[in-house]
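A short write-up of the structure that comes next.
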Amino acid sequence: MRELAPQSDRGIEKLRELYDRALSMAGYEFHSDRLWQDYIAWEEAQGEWHRVAAIYDRLIRIPTAMYKSHMERFEAIVNMCNPYDLISEDEFNDIFDTVRRKCNIGVSQ
């Protein structure tokens, strides 16, 4: 699919739409791993780590043949990237506040 869209902003958005459409039709199949991997690799090449995280977030909810491999790769990406590259600042702050409350600790800012 990558060859179909030029690297313009519109081409990139069109390719994302095509991947999303393909995933909506075939992404829940047990052997859909190659489609997911291709989409993830393309977003990684774009440097869009928040999109990569969002794709993995969708993928790990689906029992595919390579589920364990996907989880391991997602874990490696999470450990490699700055949290702000993977999630929005608001999401980060919400998670931080939840953890702080559950740990019942005060953190001065």
What do you reckon, is residue 47 modelled with pLDDT under 95 and over 14 Å from the mean Cα position of the chain (by Cα)? no
I'd like the full set of residues that are surrounded by 11 or more Cβ atoms within 10 Å (Cβ to Cβ), modelled with pLDDT of 90 or more and among the β-branched types (Val, Ile, Thr), limited to segment 69-98. 77, 78
Would you mention how many residues in segment 57-73 are outside any helix (DSSP H, G or I) and either touching a Ser or Thr at 6+ places or on another chain (Cβ under 9 Å) or aliphatic (A, V, I, L, M) (or both)? 5
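Does residue 78 qualify as being part of a helix (DSSP H, G or I), out of contact with any helix residue (DSSP H, G or I) (no Cβ under 6 Å at 6 or more places or on another chain) and among the β-branched types (Val, Ile, Thr)? Lay out the reasoning, then the answer.
On the way: part of a helix (DSSP H, G or I): yes; out of contact with any helix residue (DSSP H, G or I) (no Cβ under 6 Å at 6 or more places or on another chain): yes; among the β-branched types (Val, Ile, Thr): yes.
Yes, satisfied.
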Determine the pairs where a residue that is of a type in the set (Asp, Glu), located within segment 26-48, has a partner that is in a loop (DSSP other than H, G, I, E, B) and modelled with pLDDT under 95 with Cβ atoms under 8 Å apart, the partner being 6 or more residues away or on another chain. 38/1
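Out of curiosity, is residue 52 surrounded by fewer than 16 Cβ atoms within 10 Å (Cβ to Cβ), touching a residue at least 24 places away in the same chain (Cβ under 8 Å) and assigned to a helix (DSSP H, G or I)?
Details: surrounded by fewer than 16 Cβ atoms within 10 Å (Cβ to Cβ): no; touching a residue at least 24 places away in the same chain (Cβ under 8 Å): yes; assigned to a helix (DSSP H, G or I): yes.
No: the conditions fail for residue 52.
The values are calculated or read from the model by the stated rules, or taken from the named source; none is laboratory data. Since the structure is predicted, the reported quantities are computational estimates derived from the model, not experimental observations. When we count neighbours, we look across all protein chains shown, and the Cβ atoms used for this are built from the backbone with ideal geometry, even at glycine.
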